[in-house]
Amino acid sequence: MTLFQWIFGTLCAVIALRYLIRMIQGDGSRLAAIFWGLLWAGAAVTIFRPGITAEIAAWMGIGRGADLVMYLGLLAGIGISRYFYSRLRRLENAFTELVRHIAINQLS
Amino acid sequence: MVNDANTNLQKLPADVFVVVPAYNEAPRIGPVLEGLLEVAPTVVVVDDGSRDNTSEVVRRSPVWLLRHVVNLGQGAAIQTGITFALQKGANYIATFDADGQHEPRDLLTMYNRLKEVGADYALGSRFLGRAENMPWSRWLMLKAAVWFTRLMSGIWVTDTHNGIRLMTRRGAERIHITMNRMEHASEILDQIARSGYRFIEVPVTIRYSAESLAKGQKTTAAVRLAAKLFAERLAR
């Protein structure tokens, strides 16, 4: 194993373990812990076994493992952007309603 | 055709609430309200968190004044005015910009036309009426907005970003502006299209001045506006 694998693979595995502990302890959202735990665990596996992405890519009919990672990253990026945009809009709407309520009530 | 009785109408009835969103309009809003009050007895000014003394100037006129504690944008100010007018029992609600671009008497024409044809929305159109001193860059931007709206909302109008509108109570109840800034003009058209209620376009006059152009929509902002509308569609 290379130095990179030792450092970053171990780091990813520790983070994934941390989410697993959080999930068992019921600390915070279980769904978020599963999502992030799987993501970090996946990162650790692909660092320790770089060939695995190529195997999965070949199985899915995608040419290279790097392409598979890129597609998944792109999809995740779009999903995360949409999630945060929706949250931002909800927050903006709630704030606007509050300011509107104050404006109308001050007059009444 | 408008019948004679309506043509001679000199003033709108008191159940027509005119909503005027205002942001830093202290130098202009006094004369605007003076002209507006000649034709509309019920005016609601929404001061959108102005940093100048807009509110002090407005208080000198016999109008309702609502104040946003922070600046939210024209769309939010219009929705505040609409919500308030509905609570106060308005049967018709108009929107009218505070920068002096509009001709108050156009509201009378819009009211007459709305009642005559039994529509729920009357939208002012400078391209059917007149646009005085309009720069070519503004003309181009507005025409692009017209085509963009036709593509996005499927609503076929000649002027998409005109601040003078009139709607019935029923029509206003179907409007809920969530896009606080200038995108609200497209959002209103979107909601009109989805309401299925009838709308008409009425020729109006827009007068551009150096001040109104300086405060108005910049061409670069139009690109941001289109991007925001597109993002909103994707996130829906």
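The values are calculated or read from the model by the stated rules, or taken from the named source; none is laboratory data. Here the structure is a predicted model, which is why all the values come from computation and not from measurement. A quick note on method: Cβ atoms are made from the backbone with ideal geometry, for glycine too, and the neighbour counts reach across all protein chains shown.
Quick notes on this one:
- Unique match (being part of a helix (DSSP H, G or I), within 14 Å of chain A (Cβ to nearest Cβ), farther than 13 Å from residue B:165 by Cα and in contact (Cβ under 8 Å) with a residue 24 or more places away in the chain) among B:76, B:90: B:76
- Qualifying positions in segment A:70-108 - more than 9 Å from chain B (Cβ to nearest Cβ), touching a Leu at 6+ places or on another chain (Cβ under 9 Å) and closer than 14 Å to residue B:178 by Cβ: none
- Filtered residues of segment B:110-131 (kept if crowded, with 24+ Cβ neighbours inside 10 Å and assigned to a strand (DSSP E or B)): B:121, B:122, B:123, B:124, B:126
- Within segment B:193-222, tally of residues that are more than 20 Å from residue B:101 (Cβ to Cβ) and modelled with pLDDT under 75: 1
- Single residue of segment B:169-199 satisfying the filter (touching a Phe, Trp or Tyr at 6+ places or on another chain (Cβ under 7 Å) and farther than 27 Å from residue A:94 by Cα) that is surrounded by the most Cβ atoms within 10 Å (Cβ to Cβ): B:199
- Among the residues of segment A:47-87, those that are within 22 Å of residue A:35 (Cβ to Cβ) and exposed (fewer than 12 other Cβ atoms within 10 Å of the Cβ) comprise A:60, A:73, A:74, A:75, A:76, A:77, A:78, A:79, A:80, A:83, A:84, A:87.
- Of all the listed residues (B:225, B:234), the sole one being within 14 Å of chain A (Cβ to nearest Cβ), at pLDDT below 75 and either in a loop (DSSP other than H, G, I, E, B) or under 30 Å from residue A:78 (Cβ atoms) (or both) is B:234.
- Taking the criterion of being within 11 Å of chain A (Cβ to nearest Cβ) and buried (at least 22 other Cβ atoms within 10 Å of the Cβ), the residues of segment B:46-66 that qualify are B:46, B:47, B:48, B:66.
- Any hit, segment B:53-66, residues being free of Cβ contacts under 8 Å to residues at least 12 places away in the same chain, outside any helix (DSSP H, G or I) and farther than 16 Å from residue A:99 by Cα: yes
- Residues of segment B:154-187 classified as assigned to a helix (DSSP H, G or I) and at pLDDT below 95, total: 4
- Among (1) small (Gly, Ala, Ser); (2) within 16 Å of the chain's Cα centre (by Cα); (3) surrounded by fewer than 20 Cβ atoms within 10 Å (Cβ to Cβ), the one test that residue B:137 misses: (2)
- The residues listed here are B:107, B:142; of these, the one that is outside any loop (DSSP other than H, G, I, E, B) and free of Cβ contacts under 8 Å to residues at least 60 places away in the same chain is B:142.
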